[in-house]
Every structure is written in C-alpha cells, then in structure tokens.
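The values are calculated or read from the model by the stated rules, or taken from the named source; none is laboratory data. Treat the numbers as computed from the prediction; the structure is a model and nothing was measured. Reconstructed Cβ throughout: ideal geometry from the backbone, glycine too, with neighbour counts over all protein chains shown.
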Amino acid sequence: MHKRSFLLIVLLVVKITIHAQDLKWTETAPGVWKAVVGVPEKYDLLKASGATPDRNALSAITKAGFPLAQNEISVRVVDGKTFLRFPLKKEEQLYGFGLNFQTVHQRGKILQLHVDHYGGKDNGRTHDPTPFYVSSTGYGVFINSARYLQVYAGTAVRVDSKNAPVAKDRNTDKSWSARPYSDAVEILVPAAGVEIYVFGGPTPLDAVRRFNLFNGGGCLPPRWGLGFTQRVKTLYTAEEVKKEVTAFREKGFPLDFIGLEPGWQSKSYPCTFSWDSSRYPNPAGFVQELLKENIRVNLWTNPYVSPNAPFYKAIVPYSGSHTVWNGLVPDFTMPEARKLFFDQLKNNQVSMGVSGYKIDEVDGYDYYLWPDVASFPSGATAEQMRQTFGLLVQRYSAELYHQQNKRTFGLVRGSNAGGVSFPYVIYNDYYNHEDFITALINSGFAGVLWTPEVRASKTSEEWLRRFQTVIFSPMAMINAWASGTKPWSYDDVAEPVKQLALLRMQMMPYWYTAFARYHFEGIPPFRAMNLEEGFIPEAKKENGNANLEENPYAEAVSKEIKDQYMAGDYLLVAPLFAGQTTRKVVLPKGKWFDFYTGAFVGDGEVITVTPGLDKIPVYVKDGAIIPMMKPVLHAPLPGEKVDLTIRYYGEKPGKYKLYDDDGETYNYEKGDYSWREIKVEKDGTGKLKGTIAEPVKGKPNTVGTVTFEFMTK
C-alpha cells in the first residue's frame with residue numbers, strides 16, 4: 001500500500017474515534033443538553049424556523065439531570081454521513097418521530113423522516129416528520145437536521161451489544177421472534193455533522209414540555225380561532241359566501257371565520273395571489289362587510305408563483321431551478337424572495353382585513369413537487385428546502401400579522417421541528433376518521449396541531465361522529481371545498497350537530513386556557529393518554545408470555561391506546577366511529593366522572609360504554625373545574641365581558657388557573673395578561689363552595705358574573 005494512502009486511512013480512523021469518544025454535552029437551556037457531532041450544516045430546522053427558547057418557562061419545570069448514560073451514546077462520521085446511537089432499555093416504549101397516523105408506539109419501527117403527504121403507512125413520510133422522540137421512561141431526543149433522516153427505533157442488534165438477546169431455535173422454541181429485542185435507537189444523518197439535543201424529564205410530559213418551550217412555546221390563537229369555521233366550495237362568489245354566512249346566522253349555527261378556496265384568486269395551480277375580479281369585484285368591501293358581522297376571512301393558497309402573478313418577473317432570480325405546476329418555487333431563505341412574495345400578501349389581502357391563510361401543497365407528492373436534483377439560488381439543497389418549506393411559509397406569513405399586532409390562526413399541509421409556536425393547524429386529504437384521531441394523539445409528541453376536519457360523509461351517522469371529534473380538537477372545521485356540505489346538510493342529525501357546535505362555543509374559556517398553558521408551559525392542549533399521570537395500558541402478550549418479571553419487553557409492546565386522548569387539563573375524550581355503538585375506555589388511576597351528567601364512571605379500570613348516537617364519550621377527572629360561557633354565535637370581542645358558569649366534578653378539592661387577555665393582539669407578549677385562580681372546596685358544614693380570585697389590577701378582565709355548578713350529586 002502506498003505510504004500516503006495508508007496515512008490517510010489512519011487519519012480517517014482517528015477522526016472517527018475522536019467523534020465516538022469525545023461527545024461533549026452542554027446544558028444549553030434548563031433541562032436541555034446539546035452536543036455537536038462533526039461539522040453541522042449551516043442550514044437546519046432551528047434556523048429555518050427562527051425558534052427561540054423560553055428560558056424562564058423552562059426554568060419553572062422540575063429540575064432534571066442528564067437522563068441517559070453518556071458513555072452509551074455513540075457517534076460516527078464516515079464518508080460524509082453521521083451515525084448516531086442512543087441506548088434503549090427493555091422496559092422503554094418510544095413515541096414521536098413526527099405526525100404518525102396509525103401507530104402511537106414507535107419502538108420497532110424503521111422510518112425515513114421525510115416531509116410528504118401521508119400515503120397510508122407510518123413509514124416516516126408524513127406532513128410533519130419531526131426528528132424528536134420521547135421515551136416512556138421520561139426523556140426526549142431531537143436531531144436538528146433539515147435532511148431526510150433514517151431511523152432504526154430499536155430494530156437492529158449489534159454484535160457488541162451489552163444486552164444482546166439470546167439466540168433461539170425456531171424449530172423447538174415457541175418464544176422465538178423474527179424481531180428480537182434491540183437495545184438502541186440508531187439514526188443516520190446524510191451529512192458530515194449534526195446538532196443533538198437531549199431533553200430531561202422526569203416524566204415523558206416534562207420532556208415534551210421542554211421540547212415545546214425550547215421551540216418558543218405553543219401558539220396562542222385568537223379567541224375567534226377557537227370558534228367554528230366553514231370552508232366554502234372552490235368557485236364560490238362573494239355573494240354566495242355572504243348568503244352562506246346569512247344561513248348560519250338564521251339557523252342559529254355559530255361561525256367565526258370562513259375559508260375561501262382557490263377560486264378567490266384570478267388563477268391557481270400556480271397562483272397569482274390576486275383576487276378574481278369576476279367573483280370578488282370589491283374584495284376590500286367584501287372583507288370589511290364580513291368583519292362587521294364578526295366573521296373573519298381565511299384564504300387558501302399554495303406558494304407557487306404563476307407567470308400571471310404581478311411579481312413573477314421580479315422573483316425569477318430568487319426561485320428554484322424547477323417549477324411546480326409551471327409555477328416558480330421562491331427561495332424563502334432569501335430576503336429578496338420573501339419581500340416580493342409576502343409584500344403581495346400584505347398589500348393585496350392582509351392590509352384589507354384578511355385574517356389568515358390555508359397554506360396548501362407544501363408537503364408532498366414527489367411527482368409534482370421539485371425533485372431532489374433541483375437547485376436554489378441561496379445554495380440550500382432541494383432536500384433541505386423540502387424539509388423546511390412549510391416552516392418558512394408559516395414563519396413569514398405569521399410575521400405579517402405580528403407586524404400588525406393581530407393574531408392569526410390558519411391551516412398548513414407541511415411543517416417540521418421548530419414550528420411549535422406558529423399559529424397553524426395541519427390537515428390533509430387522507431380522510432380516515434380512525435387514523436385522524438391517532439394523528440391528533442401523536443400531534444402532542446410532534447410539537448404541532450392537527451384537525452380531524454369534517455368534509456363529507458356517506459351517512460348521517462358518520463357525519464355526526466366526525467363532527468363530534470372535530471369539536472374536541474384544535475380547529476372546529478367543516479372543509480366543504482368540494483362537497484359544499486353545511487352543518488345542517490343531514491336533516492336527521494342537524495339538531496345534535498348544532499348542539500355540538502354551540503358546546504364548542506360554551507367551552508371557549510376552557511380551550512383558551514388550555515392553549516395558554518401550551519404557550520406559557522409547553523403542555524400540548526391535545527395529547528396521548530401515555531402522557532397522563534396514572535395511565536397504565538393493558539399489557540399485550542408477546543410470544544405468549546405477558547409475565548413482566550420473566551419478559552420485561554412485554555411492557556414495551558403493551559397494547560396501543562390510539563382512539564382516546566386528553567383534551568386540556570381534565571377531559572378524556574373517547575370517540576366512536578361509524579358503525580360502533582359501544583366501546584371500551586381505559587381510565588387512568590383516580591376517580592372519573594361523566595362530562596354531561598357528573599356521575600361517577602370508574603377508577604383506574606377499563607369500562608364499556610354505550611353513549612347513543614348523539615353523545616361522544618367524555619370523562620372528567622376528580623376535582624376538575626371546567627369554565628363555560630353562554631353558547632354565543634361568535635367569539636367574544638376584545639374587551640367584551642362574558643358571564644361564566646364554572647362546572648365542578650367529583651369530590652376532591654379543585655384548583656384551576658383561568659387565563660385572560662384581550663383575545664386578539666400580541667400584547668400578552670409584553671405581560672398584558674392575567675391568571676385568576678378558581679377554587680372549589682368544602683366549607684365548615686361540608687358544603688361545596690366555589691371562589692374566584694379578584695381581577696388583576698391593570699390587566700385585561702373579560703370575566704363578568706361567575707356562577708358555580710356542582711355536577712356530581
């Protein structure tokens with residue numbers, strides 16, 4: 001061998017050994033540790049999103065030490081690729097790795113984390129492939145890379161494993177498994193370096209909270225964003241939209257914002273980002289007329305620039321090498337591209353009062369998005385742009401509203417890590433009801449919001465069941481862009497649908513406080529049962545052996561609970577789907593009560609319920625306090641006082657912090673908000689008594705008369 005070649009090989013081996021043994025962890029924020037492997041790329045998820053940690057909020061979480069054995073974390077950089085290995089105990093289950101639709105448990109999965117439409121299989125290609133996972137033992141790991149990551153989540157066994165499984169004889173041993181226990185999570189990053197973050201617990205929820213707060217805290221929508229929204233048919237005119245708004249009012253159905261689909265633009269696919277003068281001859285007058293009726297307008301768009309767009313020629317130098325539907329793909333990492341594109345939105349829509357956007361087609365379908373061979377003038381690769389395009393559009397469209405000091409709440413098809421604080425809810429065209437609920441559960445691990453939207457249904461039963469779940473989600477929405485359906489489209493269930501829509505409005509104080517906790521404390525407003533204290537899923541038999549003393553791994557493959565979830569601090573929601581009349585509900589430890597009646601239903605047990613068609617099963621923790629308001633047709637206006645009915649359930653003393661601000665501006669970022677403590681406890685005679693703290697002087701106060709309703713008799 002040539003002496004020079006031998007020297008290069010030796011140097012390469014030395015370099016790899018140094019990276020494997022010299023990983024240094026720095027506590028970069030309270031309970032968050034960072035390590036740098038090799039030479040990370042200049043462009044990553046955190047830079048794309050501009051996320052800034054909320055260090056004060058992170059400091060308020062229970063202190064935690066580094067949660068993993070550092071000497072068991074190994075890294076290698078070989079041939080321009082980074083290989084990561086994290087230890088995995090037998091009793092651990094894994095959650096996260098993005099917005100999955102069919103599985104909550106991710107241990108044993110092989111995934112490619114790749115922004116894409118959801119194609120019906122949990123393989124990592126999804127609308128939000130956040131490279132963050134959470135362990136059931138109480139820690140999280142985040143890989144800050146804008147690349148397609150390959151994940152082996154406890155699937156491979158190394159020869160030198162300290163906990164290698166025993167080889168078994170398939171001929172005679174019935175416990176033989178084709179997928180033996182693996183003691184590691186291994187991740188391949190196609191780059192010569194990367195940043196790694198580890199989030200402490202001590203609980204899985206604490207790890208999730210730290211991740212959310214590290215990314216700026218969850219979004220806090222305007223109050224109207226938590227009301228009801230209807231998206232109209234694609235080619236509706238201004239007059240048809242106004243007619244639909246009138247129908248909502250006359251029929252007594254609540255409506256806070258209405259969505260216009262592609263027909264509002266003069267051309268779409270690709271887009272002009274300009275109003276169609278035949279359908280909307282006076283767009284500013286149209287928007288203002290609806291605003292006077294307390295109805296906001298949300299506009300559909302995709303970000304691909306038509307040759308007929310007014311800024312087309314100017315943005316050509318700042319666009320990618322390939323088109324989408326013959327439209328330019330702006331390089332939003334460049335300020336020149338951002339100014340041209342977002343100034344059009346600002347001047348042509350936002351300035352006249354448009355309240356938000358539905359950002360479509362930033363997720364996937366390889367055959368129409370730009371290929372990985374595409375180039376962009378900034379130097380960002382096509383792969384990096386694919387992984388972050390949804391983040392970029394969310395970030396800079398949200399800035400338009402921040403500049404006006406008006407909050408927005410919209411929809412988006414693609415996101416990634418770093419987008420926690422963006423005021424957008426993910427949606428898609430997959431439309432499987434059961435999987436939509438699993439996605440809602442998994443959204444809490446991915447740092448995003450997800451809506452199980454209603455579009456159309458084959459039967460009135462399916463329509464009502466879908467409507468029930470959308471009411472208990474981040475965005476209560478009918479998306480009628482193709483079907484033209486209305487809440488009252490199915491006559492035989494129109495009344496229960498109406499009552500559900502009004503219930504959504506009644507619960508607005510509860511939802512608003514839940515989102516405030518998402519923002520200030522990092523607690524997902526909708527989340528998996530696995531994050532709930534006292535929740536113990538049923539063990540699933542593994543190879544015929546469910547004895548956890550003999551087979552600890554059986555706990556890691558315990559039965560998934562992917563059809564019930566927590567909503568806010570106190571509510572357990574257990575949907576039924578078309579064709580079902582009964583279902584099982586797994587209750588965490590502690591007493592639980594029926595949301596509608598206050599009756600006791602169980603304590604740490606599995607119950608079977610038959611709620612009837614017009615009820616979605618909802619259960620409430622012992623000592624729960626649920627603030628409710630009157631069933632109004634629009635969200636309260638800024639400064640409007642609202643009378644509250646405080647529901648109390650159970651027997652334990654209850655405490656609750658009610659959040660308040662003006663409901664519309666970003667003044668809360670300057671401290672213009674308040675928390676008021678609500679208590680329910682027994683007085684000297686054993687009678688329940690409720691109290692609410694006095695308003696905070698100099699802070700917003702939208703609370704009028706307060707009454708208490710003791711639900712459990």
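Here the condition is being closer than 18 Å to LEU440 by Cα and in contact (Cβ under 8 Å) with a residue 12 or more places away in the chain; of HIS114, HIS127, it holds for HIS127 alone. Among the residues making up the range 575-613, those that are charged (D, E, K, R), more than 22 Å from GLY654 (Cβ to Cβ) and either at pLDDT 95 or above or not in a loop (DSSP other than H, G, I, E, B) (or both) are ARG583, LYS584. The strands (runs of 3 or more DSSP E) found entirely in the range 120-159 that carry 2 or more residues being buried (at least 24 other Cβ atoms within 10 Å of the Cβ) and under 19 Å from the mean Cα position of the chain (by Cα) are 132-135, 139-144.
Being free of Cβ contacts under 8 Å to residues at least 24 places away in the same chain and either of a type in the set (A, V, I, L, M, F, W, C) or assigned to a loop (DSSP other than H, G, I, E, B) (or both) is the filter here; which residues of the range 21-38 pass it? If the condition is that a residue be free of Cβ contacts under 8 Å to residues at least 24 places away in the same chain and either of a type in the set (A, V, I, L, M, F, W, C) or assigned to a loop (DSSP other than H, G, I, E, B) (or both), then ASP22, LYS24 are the ones that fit.
State all residues of the range 214-225 that are touching a strand residue (DSSP E or B) at 6+ places or on another chain (Cβ under 8 Å) and either in a helix (DSSP H, G or I) or aliphatic (A, V, I, L, M) (or both); if no residue qualifies, say none. Full working, then the answer.
Just the residues of the range 214-225 that are touching a strand residue (DSSP E or B) at 6+ places or on another chain (Cβ under 8 Å), to begin with: 214, 219, 224-225.
Once the filter is applied, which keeps residues that are touching a strand residue (DSSP E or B) at 6+ places or on another chain (Cβ under 8 Å) and either in a helix (DSSP H, G or I) or aliphatic (A, V, I, L, M) (or both), the range 214-225 yields PHE214, TRP224, GLY225.
State which residue is surrounded by the most Cβ atoms within 10 Å (Cβ to Cβ) when the search covers only the range 464-477 and only residues that are hydrophobic (A, V, I, L, M, F, W, C) and farther than 13 Å from ILE616 by Cα.
Restricting attention to the range 464-477, the residues satisfying the condition of being hydrophobic (A, V, I, L, M, F, W, C) are 464, 467, 470-472, 475-477.
Then drop every residue that is not farther than 13 Å from ILE616 by Cα, which leaves 475-477.
Details: MET475: 25, ALA476: 27, MET477: 24.
The selected residue is ALA476.
Part of a loop (DSSP other than H, G, I, E, B) and without any contact (Cβ under 8 Å) to a residue 40 or more places away in the chain: is that true of GLY379 in this structure?
Yes; evaluated as a whole, the condition is true for this residue.
Tallying residues that are surrounded by fewer than 23 Cβ atoms within 10 Å (Cβ to Cβ) and not in a loop (DSSP other than H, G, I, E, B) within the range 478-492 yields 2. Residues in the range 175-196 that are modelled with pLDDT of 95 or more, in contact with a helix residue (DSSP H, G or I) (Cβ under 9 Å, 6 or more places away or on another chain) and closer than 21 Å to LEU88 by Cα: ALA184, GLU195.
Yes/no per residue for (1) touching a Phe, Trp or Tyr at 6+ places or on another chain (Cβ under 6 Å); (2) at pLDDT 85 or above; (3) buried (at least 22 other Cβ atoms within 10 Å of the Cβ); (4) over 21 Å from HIS433 (Cα atoms):
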site	(1), (2), (3), (4)
ILE523	no, yes, yes, yes
ARG527	no, yes, yes, no
ALA539	no, no, no, yes
GLU549	no, no, no, yes
GLU555	no, no, no, yes
SER558	no, no, no, yes
VAL573	yes, yes, yes, no
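Can you pull out every residue in the range 325-367 that is at pLDDT below 95 and either among the small types (Gly, Ala, Ser) or out of contact with any His (no Cβ under 8 Å at 6 or more places or on another chain) (or both)? Listed by number, the residues that qualify are GLY364, ASP366, TYR367. Do you know which of the residues in the range 269-326 that are aliphatic (A, V, I, L, M) and over 22 Å from GLU361 (Cα atoms) is surrounded by the most Cβ atoms within 10 Å (Cβ to Cβ)? Filtering the range 269-326 for residues that are aliphatic (A, V, I, L, M) and over 22 Å from GLU361 (Cα atoms), the one surrounded by the most Cβ atoms within 10 Å (Cβ to Cβ) comes out as ILE295. Scanning the range 403-420 for residues that are more than 27 Å from PHE445 (Cβ to Cβ) and not in a loop (DSSP other than H, G, I, E, B) turns up GLN403, GLN404. In the range 688-705, the residues that are among the acidic types (Asp, Glu) reach residues that are modelled with pLDDT of 95 or more with C-beta atoms within less than 8 angstrom, at least six apart or across chains, in these pairs: GLU694/ARG676.
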